[in-house]
Amino acid sequence: MMALLSSNGMGAFFYEIIMISDNDELYNIIKVLSDTREEEILKQTQELYASIANTQAEWYKESGFTCPEGCGECCRNFEPDLLDCEALFMAAWIIENQSEVADKILEGDFPFPENKGCPFWDENKEYHCTIYGGRPFICRFFGACGSKDKDGKTVFKPCKFYPANILASHKPPLAHRQYSEKETLEIFGRLPIVMTDIMETAVSLNPNNQTTEELRSILPKYIKHLKWIYNIKKAAPAC
Ligand code: SF4
Ligand code: SF4
């Protein structure tokens with residue numbers, strides 16, 4: 001069991017208990033990487049992702065405001081840039097869950113290389129993202145994320161791709177505009193998570209390099225790096 005600090009999107013924090021179990025999507029690779037800096041960063045990133053998921057789940061439950069089923073327009077022309085911790089996590093997730101894809105990426109072949117946006121976006125798949133459990137921070141905020149106004153108050157604006165007719169049928173009707181903190185609380189019953197609050201912690205996981213790099217450029221380097229450590233650890237005699 002592991003305790004993690006989680007934000008409820010309103011500045012107050014609470015502790016959530018999560019179980020690192022056999023069902024964990026990084027269970028095997030984390031075991032092999034034990035006692036390495038990579039294991040530490042993977043676990044910290046995993047905790048942050050879990051805290052985002054908890055907060056998002058509360059927003060969806062209370063607000064009832066979710067993305068339309070199967071939309072995914074946000075990824076069509078968008079390729080995320082990654083921090084080191086996100087690239088490490090994505091590489092570990094792909095090695096553990098889609099080893100053939102990891103090998104192909106090392107040969108320079110992404111699953112959907114012709115995409116203008118993310119090379120993991122499958123137009124024909126119902127939910128489009130083919131590496132959902134390994135996706136980076138920004139993808140975990142799509143559709144349910146607030147920002148701060150000049151007074152430091154949380155504001156919310158429905159995604160620009162959200163169909164206008166579905167917004168108009170909301171009770172009360174919504175539009176593509178920014179809702180103040182007061183309006184958001186009145187309409188949705190709570191405030192959404194604010195990405196900048198979380199990203200400060202995310203950036204702190206990368207003390208030596210706080211810049212980002214294009215997914216197609218950084219991911220192969222981390223897959224190669226993890227496989228190298230993985231092979232060394234596997235070959236080491238057990239003590
Ligand atoms: S990782 Fe998944 S959610 Fe993120 S941009 Fe790519 S397809 Fe979209
Ligand atoms: S964030 Fe916008 S584009 Fe992405 S799935 Fe939600 S409504 Fe669609």
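Rule-based calculations on the coordinates, nothing more; no lab input. None of the values given here were measured: they were computed from a predicted structure. Neighbour counts run over all protein chains shown; Cβ positions are idealised from the backbone, glycine included.
Which cross-chain or sequence-distant (5 or more) residues have an amide H under 5 Å from the amide H of residue 130, H modelled 1.01 Å from N in plane?
Result for residue 130 returns 122.
Of the DSSP beta bridges with both residues in the chain, give the percent that are antiparallel, rounding to the nearest 5. Spell out each step's value before the answer.
Details: 13 of 15 bridges.
Expressed as a percentage, antiparallel bridges in the chain total about 85.
Starting from the Cα-Cα distance between residue 166 and residue 114, subtract it from 0.36 nm times their residue separation and give me the gain in nm to one decimal. Provide the component values of the computation, followed by the final result.
Working: separation 52, 0.36 × 52 = 18.72 nm, distance 3.12 nm.
Extra length available between residue 166 and residue 114 comes to 15.6 nm.
With an 8 Å Cα cut-off and a minimum separation of 6 or more residues, compute the relative contact order for the chain in percent. Spell out each step's value before the answer.
Details: 313 pairs, mean separation 63.0, N = 239.
Contact order relative to length: 26 percent.
Using the count of nearby Cβ atoms within 10 Å as a rough guide to exposure, how do 86, 38, 181 rank from fewest to most? All intermediate terms of the calculation are to be shown ahead of the outcome.
Values: 86 28, 38 21, 181 18.
By the 10 Å Cβ count, ascending, the order reads 181, 38, 86.
Taking neighbour counts of Cβ atoms within 10 Å as a proxy for exposure, in what order, fewest first, do 212, 184 appear? Display every interim value, and only then the final one.
Values: 212 18, 184 21.
Fewest to most other Cβ atoms nearby, the residues stand as 212, 184.
Within 10 Å of each residue's Cβ, count the other Cβ atoms and sort 177, 216 from fewest upward. The partial results should precede the final answer.
Values: 177 9, 216 14.
Final ranking by Cβ density, sparse to dense: 177, 216.
For residue 177 and residue 209 in one chain, what is 0.36 nm times their gap in residues minus the Cα-Cα distance, to one decimal in nm? Walk me through the numbers before you get to the answer.
Numbers: separation 32, 0.36 × 32 = 11.52 nm, distance 3.57 nm.
This chain segment gains 7.9 nm when fully extended.
Which whole-number percent of Cα pairs in the chain have a distance greater than 30 Å? Don't jump to the answer; show the numbers that get you there.
On the way: 8724 of 28441 pairs.
In whole percent, the share of Cα-Cα pairs in the chain beyond 30 Å is 31.
Can you tell me how the stretch 80-194 classifies by the Cα gyration tensor, rounded, prolate or oblate, using a/c under 1.5 as the rounded cut? Walk me through the numbers before you get to the answer.
Details: a/c = 3.14, a/b = 2.02, b/c = 1.55.
Taking the square roots of the gyration eigenvalues as a ≥ b ≥ c, the stretch 80-194 is prolate.
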